[in-house]
């Protein structure tokens, strides 16, 4: 994480104090623990920056752990893409690891130890098997203002509970028939502390372990065990887990009693949890369940659709890792929930691409211009990036017929319109001064062709007599330009808060104009562009070459898989200015 005002946040101060007090055993260890039940999104990107960034700042290590405790929704596809996205953001996990890969862990590799810990709790009278249904438990659990009612099984013997727990493990019971509860405090005002479920029956094959288990630990039980056994010193998560912290500490206390906490350089490592506000962005949804719904229902072309807030979608959109990290840094870390404007993220993207993107000319809404007195062909020399002297120049062909954007022409120009219009001069970028003299309509009355002449003494773009021409427009040579498909992306939702009417109604705010596809002409150098390359289309915006075989409807290109496809990343300008 960069040294900035926002990096001096409370989490950093917390870690600094623990280091100074000698509580880390000489090494700060953090972790990023996503569940492999979907692709990570911009909200996860903030957590990635915090977890990996804090470890790097203190010269420690950050583990990547897949919390695969819910087999019904998890897969290798999600797991592999989580790893790919974190690497793309610029981070690498480190540490011992438990899967043959340094720094990489799976919660499922600890299932045997978690089961052993659960049995120890049962034997110690700190956990019991309960057969109340979920609806019955809601009644027994009660409300925060009044103590709950103990389960009829709460004070049964450890021997009875151990027998039932082993029968649960051996597959004797159906899903939901029994569960294992931690025996804590039925009078706690914190509902999550009232004898929470720590194991449940799920007759579902695990994507790594197959049918080895039919009982699975709950996240609130597994998470502190994983942190503790890995030697994590600082467990940072989002604010919704704050009310779960007492249970986290309760589990760690039990591990301490069992003598299972690791020792590093003579210091017993007791993992601790702290919470920070999650990243919320307007005009989108951040729930993986709702994102999956849009994918399954075909509202988007997949998890990597460039309109999605997923990291892989942003990559296809052309957002850069540096811009996303800068955005997360600017949002900062606090304990106060807030919403960020997507315009800030777009500003960060523009700032990065303005420095790094190669300049090219492209015409997205073409109309032909014929220069009646021009003969032969010439070349103009243009800079590849005026902000980078090392980027060099390129030569672009110019001939009698060119394409310009329709918006650069007016039949009857309004005041202060300095581009192309009958009787008006305009500079053709890097080439010459052109005077429009007439135009031709097609059968539908639409302007199809514009005619005029060039000032033969103006090659290079300036008049020999020194007269001023206020307007300059870009163009593409008809003879040498290449055809390309350009996808113009906009916000996925029309409402600032798509969830304002509840999760069941968010789809009604989908933006019908979030994607427009146009056939464009681009200068010939772009015909050699490679997937992932970024460009500034002059006077238009920033674009990226799309990954191969991706079409708006999700179907692969068959006959013409080599065609040029560009995705618009962001427009060239915006009125937004960051504080």
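Where a number appears in this text, it was derived from the coordinates with a stated rule and is not lab data. Everything numeric in this text was worked out from a predicted model, so none of it was measured. Cβ coordinates were reconstructed from backbone atoms using ideal geometry, including for glycine residues, and neighbour counts include every protein chain displayed.
How far, in degrees from 0 to 90, does helix 158-169 lean away from the longest principal axis of the Cα atoms of the chain, to the nearest 10?
40 degrees
Once you sort the root eigenvalues of the Cα gyration tensor of segment 399-440 as a ≥ b ≥ c, which label holds: rounded (a/c under 1.5), prolate (a/b larger than b/c) or oblate (the other case)?
prolate
I want the antiparallel fraction of DSSP beta bridges within segment 5-276, as a percent rounded to 5.
Looking only at bridges with both residues in segment 5-276, the antiparallel portion is about 50 percent.
Can you tell me how segment 1-123 classifies by the Cα gyration tensor, rounded, prolate or oblate, using a/c under 1.5 as the rounded cut?
oblate
Sort 349-357, 282-290, 330-338 by the packing proxy (mean of other Cβ within 10 Å over each peptide's residues), most packed first.
Per-residue Cβ counts within 10 Å, averaged per peptide and sorted highest first, yield 349-357, 282-290, 330-338.
Once both axes come from the Cα atoms, what is the angle between helix 111-123 and the longest principal axis of the chain, in degrees from 0 to 90, rounded to 10?
So the inclination is approximately 30 degrees.
Report, largest value first, the span of the C-alpha coordinates of the chain along each principal axis, in whole Å.
101, 53, 44
Order 372-379, 113-120, 493-500, 58-65 from most to least packed using the mean count of other Cβ atoms within 10 Å.
Ranked by mean Cβ neighbours within 10 Å, highest first: 58-65, 113-120, 493-500, 372-379.
Calculate the length of the line joining the C-alpha centroid of segment 30-76 to that of segment 376-445, in whole Å.
50 Å
Calculate I(q)/I(0) for segment 5-276 by the Debye formula, one identical point scatterer on each C-alpha and no solvent, and give its log10 at q = 0.10 Å⁻¹ to two decimals.
-0.54
Can you compute the helix-only [θ] at 222 nm over the chain? Use -39500 (n - 2.57) per DSSP H run of at least 4 residues, normalise by all residues, nearest 500 deg cm²/dmol.
-7500 deg cm²/dmol
Classify segment 128-232 as rounded, prolate or oblate, taking a ≥ b ≥ c as the square roots of the eigenvalues of its Cα gyration tensor: rounded when a/c is under 1.5, otherwise prolate if a/b is larger than b/c and oblate if not.
Judged from the Cα gyration tensor, segment 128-232 comes out oblate (a/c at least 1.5, b/c at or above a/b).
Roughly how many Å is it from the Cα centre of segment 457-515 to that of segment 174-220, as a whole number?
Taking the Cα centre of each part, segment 457-515 and segment 174-220 sit 52 Å apart.
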